[in-house]
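J.: Here it is, the structure, as C-alpha cells.
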Amino acid sequence: MCLAVPGKVISIDDSDPDLKMAKVQFGGVVQDICVQWIDDLNTGDYIMAHVGVALNKVDEEDARITLNALYEMREIDFKFES
Amino acid sequence: MEESDINLVCPVPISEYDCVVIAHGGGGRMSEQLISKMFFSQFGNEYLNKAHDGAIIPFPGKKLAFTTDSYVVSPVFFPGGNIGELAVNGTVNDLVCCGARPLYISLAFIIEEGFLMNDLWKIVLSISGAAKKAHVRIVTGDTKVVEKGKGDKIYINTSGVGEIFPGLMISPDRCRPGDIIILNGTIADHGISILSKRQNLSFESGIISDTASLSEMMGEVFENCKGIHVLRDPTRGGLASSLNEIATSSGVGITIYEDAIPMNEDVKGACELMGFDPLYVANEGKILIFAPEKEAGRIIDIMKRHREGKDSVIIGKVTDEDNGIVKLKTLVGSTRIVDMISGEQLPRIC
Amino acid sequence: MKYIDDYRDKDLVEIIAARIEKITTRPWTIMEICGGQTHSIMKYGLQEFLPEKVSLVHGPGCPVCVTPLELIDKAIYLSSFPDVIMTSFGDMLRVPGSESDLLRSRARGSDVRIVYSPLDVLKIAKENPGKKVVFFAIGFETTAPSVALAVKQAGKTGIDNFSILCSHVLVPPAIRSIMSLPGVRIQGFLAAGHVCAIMGYHEYHEIAEKYRIPVVVTGFEPVDILTGINKTIEQLESGNSHVDNAYGRVVTEKGNIPAQNMLMEVFEPVDRQWRGIGVIKGGGLKLRDEYASFDAERLFPLGNIKAEEPEGCIAGEILQGLKKPDQCSSFGSVCTPDKPLGAPMVSSEGACSAYYRYSGSQKKEYGRV
C-alpha cells in the first residue's frame with residue numbers, strides 16, 4: 001500500500017502554524033504538499049509525499065552510502081569469483 | 001419482421017451492468033465488449049467488424065476512407081488546445097491511419113444552453129486553424145442546442161472522408177512477425193494535460209496536450225513507403241490498448257521495450273504522483289506504424305524532418321511467439337505482460 | 001527522477017540478483033506485507049531475478065482488499081442520500097460491495113468524487129455548506145495521520161459538514177494473526193516501508209523475537225525490494241532473526257513522532273474485521289469519542305447494514321499467503337478485473353489483480369510468483 005513519491009521542496013509557506021505547506025516538485029510537476037511533521041525543512045530538501053502530505057525527509061547521505069555499497073558489492077563479488 | 005424474430009434480450013448481461021458506466025467509454029475491455037456484443041452483433045459487417053480507426057470502402061474508381069468520431073472532452077479548454085482542434089485533428093488522424101489523404105469533414109455541434117459565445121468563437125477559430133493546417137475542408141454540418149443541464153457545455157461529432165494513397169494496404173490484421181513498431185514521440189501528454197485541470201486532482205505543470213494533425217508528415221511517408229502494414233493512433237486506453245487490439249486482430253505477438261518509449265519528465269512525475277501507468281494514458285497527435293524492418297530507416301528519416309515526428313523511434317517488434325499477447329521488456333531487463341485495461345485508470349494512493 | 005531512477009537501474013538489479021543467487025543454499029519462503037510491494041514485484045517481473053529456491057508469498061497489506069464488505073455497502077448507501085457528497089481515493093471506486101460499487105452509484109446520479117488528499121475534502125466541504133461531505137477513509141498507518149490532520153483542521157476551522165467513514169487498519173496485529181495460523185510456512189517478512197516511515201520499526205522487535213523470524217523494512221522500487229530480500233536471506237542463511245532496515249533513506253527506528261502523535265490523538269485501536277480474514281484484535285482504528293462529531297458511523301443511520309461475502313472468493317486465503325491467485329477456481333474465469341468477486345481482483349495492488357494484469361488473461365506465468 002502507500003504510494004509515496006520523492007519530491008524536491010522549492011518553497012515553504014509556514015503562515016499557518018498548524019498547517020505548514022510547501023511547493024514540491026516531482027519530475028516537472030509541482031504540487032502543494034503539507035509538511036507539518038517535517039522538522040528542519042529547507043528548500044532543496046527531498047521529501048516523500050503520500051496523499052498530499054510529507055511522510056519524511058529523504059536521507060540523502062544514507063541514499064548515497066547505500067548506492068555506493070551496492071556498486072562495491074559487484075567489485076567484491078567479481079574479485080571473489082576471479 | 002415478426003416481433004418474435006427480434007431478440008429483445010440485451011446481449012450485455014444486465015446482471016453485470018444495468019446502466020452504462022464511464023468505463024464503457026474508456027477504450028479498454030469494457031468498451032470492446034459493449035461495442036462487439038451490442039453494436040457489432042446488430043449491425044456489424046465486413047467493414048465495421050475490422051474495428052479499425054476508419055473503414056476502407058470501395059467506391060467507383062477509387063478507394064475511400066470513411067471515419068466518424070465524437071468529442072466530449074472535459075474540460076473543453078485544456079493546456080495545449082481545446083475541443084475544436086481536437087475534433088479536427090482526431091478525425092484527420094483516423095483517416096491517416098487508413099493510409100488516406102484526408103479530404104472532407106462534417107461537423108455537428110451539440111451545445112448546452114448558456115455556453116459562452118466567446119468560448120464558442122475560440123473553438124471555431126481553432127477548428128478553422130486546424131482544418132487549414134491539415135488541408136481538409138469542412139463541407140457539411142449541424143448545430144443543436146439543448147437545455148441547460150442536458151449536455152456538458154459542448155459535444156462535437158465529426159465524420160471524415162479521405163482517399164487512399166495508391167499502393168497502400170493498411171489493415172489491423174496485416175502485421176507480420178518481423179515487423180518493427182515505430183512511435184513518433186512522447187506518450188501520455190494529452191491524458192495528463194486533461195487530468196491537470198480536473199478538480200480535486202490539479203497540479204501545476206508545463207504539460208500540454210500533443211493534439212496535432214499527422215497528415216502532412218504521413219503524406220510524405222505514404223508517397224515513399226508502400227510496405228506499411230498497420231497504423232493506429234493510440235488515443236483512449238493509451239499505447240497498451242492499441243497494441244493489444246492489433247496483436248489480437250493480426251494474431252501475432254508484440255514485444256515493446258520500456259527504455260525505448262519516450263516520455264516527458266513532467267508527465268513521468270504526474271504519473272508517479274497519481275499512480276498511473278503511462279502505457280494506458282490517452283495520447284493525441286501520436287501514431288504507431290507497423291512496417292517491415294527494411295523500411296524502418298527510411299520511414300523514420302522522413303518523419304524526423306517534421307515537427308510531429310522529431311522524436312520518432314522504434315519501440316518494439318512483432319513476433320510469432322505468444323500470439324495475441326503484448327510483452328514489455330522492462331527497464332530492469334525482465335519481461336512482463338501488458339494486458340488490456342478493464343475499465344478506466346483511476347488515481348490511486350495504494 | 002531523483003530517488004526513483006537510481007532504484008530502477010538495470011545494473012544494480014543484476015548485482016543484487018547475483019548476490020542473492022550466491023548466498024542462497026536452501027529453499028526459503030518470504031512474505032512481502034505490502035500490496036505496493038506485490039505490485040512492484042509483478043510490474044518489474046522481479047521473481048525472474050530470484051533463484052527457484054526463493055518463494056515469495058503475498059501478504060494482506062492492501063487496505064482496499066481488507067476493507068469489510070459491510071463498510072463498502074455503507075459507503076454506497078451513504079452516497080445515495082441526495083444531500084451527501086461521498087469522497088474517496090480512486091482505489092475504492094471499483095471495489096464490489098454486496099450489490100454494487102461506488103462507480104455504479106455515481107453512474108446512477110450519486111455525487112461521488114475522487115480526491116487525492118484528505119485535505120482536499122475540506123475544500124469540498126467548505127464550498128458546499130448545504131451538503132454533508134463524507135470521506136471514505138482507508139489506509140494503513142501511512143495514511144491515517146493525514147486523515148487525522150484533516151479531522152483536526154476541520155475542528156479548528158469550524159467545518160461542521162465533514163465526516164469520515166473509518167476503515168483504517170494496522171499492520172503489526174495482522175502479522176501476528178498470520179504467524180498464529182496453523183501450518184504457516186513464512187520464514188521471513190519484508191515489512192512495509194512507508195508504514196514504517198511513520199511508525200518506525202521498534203514494534204517489530206517483539207515479533208522477530210517471538211516467532212524467530214527476520215523482519216526487514218523494505219521499500220518499493222526494484223532495487224529496494226531485492227535489497228530487502230537479500231538482507232532477509234542473509235539472516236535466514238546464518239540462522240538470525242532480528243529487525244533490519246533496508247530502506248534507510250526514508251525510514252528510521254523511531255519513525256515520524258509528530259505524525260504518530262497526530263494519529264494517536266484522533267484515533268484509537270479497535271478490534272476490526274479484515275475482509276476475508278476475520279476479526280483481528282486491535283487490527284483497526286476508530287475515532288476517539290472527542291471526535292465523534294466527525295464519525296459517519298455515529299452521524300448516519302448505518303447500523304442495519306450487514307453483508308455476506310460472495311461464494312467462490314477465496315480472498316482470505318490469498319491475503320494470508322495460504323494460496324496463490326491461480327489456485328483459485330474462479331481466477332480468470334468467473335472472477336476477472338471486469339467482473340471481480342472480491343477486492344484483491346480490483347485493487348491495483350491486490351494479489352489477484354497484479355497476477356492477472358502482469359501474467360496475462362491466459363494465466364501465463366511470467367515470473368513464477
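The values are calculated or read from the model by the stated rules, or taken from the named source; none is laboratory data. Model, not experiment: these values are computed from the prediction. When we count neighbours, we look across all protein chains shown, and the Cβ atoms used for this are built from the backbone with ideal geometry, even at glycine. Keep in mind that these areas ignore ligands, DNA and RNA; they rest on the heavy atoms of the full protein, side chains included. Shrake-Rupley method; radii C 1.70, N 1.55, O 1.52, S 1.80 Å.
J.: Would you pick out the residues in segment C:119-152 that are in a loop (DSSP other than H, G, I, E, B) and either modelled with pLDDT under 95 or closer than 24 Å to C:Pro258 by Cβ (or both)? If you could, list the steps in order and put the result at the bottom.
T.: Of all residues in segment C:119-152, those in a loop (DSSP other than H, G, I, E, B) come to C:128-131, C:140-143.
Residues satisfying the conditions are C:Phe140, C:Glu141, C:Thr142, C:Thr143.
J.: Another question, then. Please indicate, with yes or no, whether at least one residue in segment A:15-24 is crowded, with 23+ Cβ neighbours inside 10 Å, in contact with a Lys or Arg (Cβ under 8 Å, 6 or more places away or on another chain) and in a strand (DSSP E or B). Please lay out each step first, then the result.
T.: So the first thing to find is which residues in segment A:15-24 are crowded, with 23+ Cβ neighbours inside 10 Å, and the list is A:22, A:24.
From what is left, the residues that are in contact with a Lys or Arg (Cβ under 8 Å, 6 or more places away or on another chain) are A:24.
Pick out the ones that are also in a strand (DSSP E or B) and you get A:24.
Looking through segment A:15-24, at least one residue is crowded, with 23+ Cβ neighbours inside 10 Å, in contact with a Lys or Arg (Cβ under 8 Å, 6 or more places away or on another chain) and in a strand (DSSP E or B).
J.: Counting only residues that are within 9 Å of chain B (Cβ to nearest Cβ), modelled with pLDDT under 80, open to solvent by 10 Å² or more (accessible area, probe 1.4 Å) and within 24 Å of C:Ile30 (Cα to Cα), how many does segment C:350-369 have?
T.: Residues meeting the conditions: 4.
J.: Is at least one residue of segment C:56-70 in contact with a Pro (Cβ under 9 Å, 6 or more places away or on another chain) and open to solvent by 20 Å² or more (accessible area, probe 1.4 Å)? Break it down into steps so the answer makes sense when it comes.
T.: The initial filter retains those residues of segment C:56-70 that are in contact with a Pro (Cβ under 9 Å, 6 or more places away or on another chain), namely C:58, C:62, C:64-66, C:69.
Still in the running and open to solvent by 20 Å² or more (accessible area, probe 1.4 Å): none.
No, because not a single residue in segment C:56-70 is in contact with a Pro (Cβ under 9 Å, 6 or more places away or on another chain) and open to solvent by 20 Å² or more (accessible area, probe 1.4 Å).
J.: Got a sec? Which of A:Leu55, A:Leu70, A:Leu3, A:Leu41 is in a helix (DSSP H, G or I) and either in contact (Cβ under 8 Å) with a residue 24 or more places away in the chain or within 14 Å of chain B (Cβ to nearest Cβ) (or both)?
T.: Exactly one residue qualifies, and that residue is A:Leu70.
J.: Here is a list: C:Val266, C:Val270. Which entry is among the β-branched types (Val, Ile, Thr), out of contact with any Ser or Thr (no Cβ under 6 Å at 6 or more places or on another chain) and more than 14 Å from chain A (Cβ to nearest Cβ)?
T.: On the way: C:Val266 fails: more than 14 Å from chain A (Cβ to nearest Cβ).
Residue meeting the stated conditions: C:Val270.
J.: Please name all residue pairs, on different chains or six or more residues apart, with Cβ atoms under 8 Å, provided the first residue is in segment C:255-283 and is on the phi > 0 side of the Ramachandran plot and the second residue is in a helix (DSSP H, G or I) and acidic (Asp, Glu).
T.: C:Gly276/C:Glu317
J.: Just give me the residues in segment B:317-338 being in contact (Cβ under 8 Å) with a residue 60 or more places away in the chain, part of a loop (DSSP other than H, G, I, E, B) and either surrounded by 22 or more Cβ atoms within 10 Å (Cβ to Cβ) or assigned by TED's automatic domain parsing to the domain that holds B:Ser31 (or both), in sequence order.
T.: Residues satisfying the conditions are B:Ile325, B:Val338.
J.: Can you pull out the residues in segment C:307-325 that are in contact with an Asp or Glu (Cβ under 6 Å, 6 or more places away or on another chain) and open to solvent by 40 Å² or more (accessible area, probe 1.4 Å)?
T.: Taking segment C:307-325 and keeping what is in contact with an Asp or Glu (Cβ under 6 Å, 6 or more places away or on another chain), we get C:307, C:323.
Correct list: C:Lys323 only.
J.: Further, regarding this structure: Got a sec? Which of B:Lys197, B:Lys150 is within 14 Å of chain A (Cβ to nearest Cβ), open to solvent by 10 Å² or more (accessible area, probe 1.4 Å), of a type in the set (D, E, K, R) and assigned to a loop (DSSP other than H, G, I, E, B)? Lay out the reasoning, then the answer.
T.: Details: B:Lys150 fails: within 14 Å of chain A (Cβ to nearest Cβ).
Answer to the check: B:Lys197.
J.: Within segment A:25-44, how many residues are more than 27 Å from B:Ile208 (Cα to Cα) and surrounded by 17 or more Cβ atoms within 10 Å (Cβ to Cβ)?
T.: Total satisfying the criteria: 5.
Rundown of residues vs (1) acidic (Asp, Glu); (2) touching a strand residue (DSSP E or B) at 6+ places or on another chain (Cβ under 8 Å); (3) not in a loop (DSSP other than H, G, I, E, B), yes/no style:
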{"position": "C:Glu253", "(1), (2), (3)": "yes, yes, no"}
{"position": "C:Pro258", "(1), (2), (3)": "no, no, yes"}
{"position": "C:Gln273", "(1), (2), (3)": "no, yes, yes"}
{"position": "C:Leu285", "(1), (2), (3)": "no, yes, yes"}
{"position": "C:Pro301", "(1), (2), (3)": "no, no, no"}
{"position": "C:Asn304", "(1), (2), (3)": "no, no, no"}
{"position": "C:Lys323", "(1), (2), (3)": "no, no, no"}
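J.: Quick test for you: out of C:Lys22, C:Lys10, pick the one residue that is surrounded by fewer than 18 Cβ atoms within 10 Å (Cβ to Cβ), of a type outside the set (A, V, I, L, M, F, W, C) and closer than 23 Å to C:Arg357 by Cβ.
T.: Values: C:Lys22 fails: closer than 23 Å to C:Arg357 by Cβ.
Only one candidate qualifies: C:Lys10.
J.: Here's something else I'd like to know. Which condition breaks for C:Ser347 when tested against (1) closer than 21 Å to C:Glu70 by Cα; (2) within 14 Å of chain B (Cβ to nearest Cβ); (3) without any contact (Cβ under 8 Å) to a residue 40 or more places away in the chain?
T.: (3)
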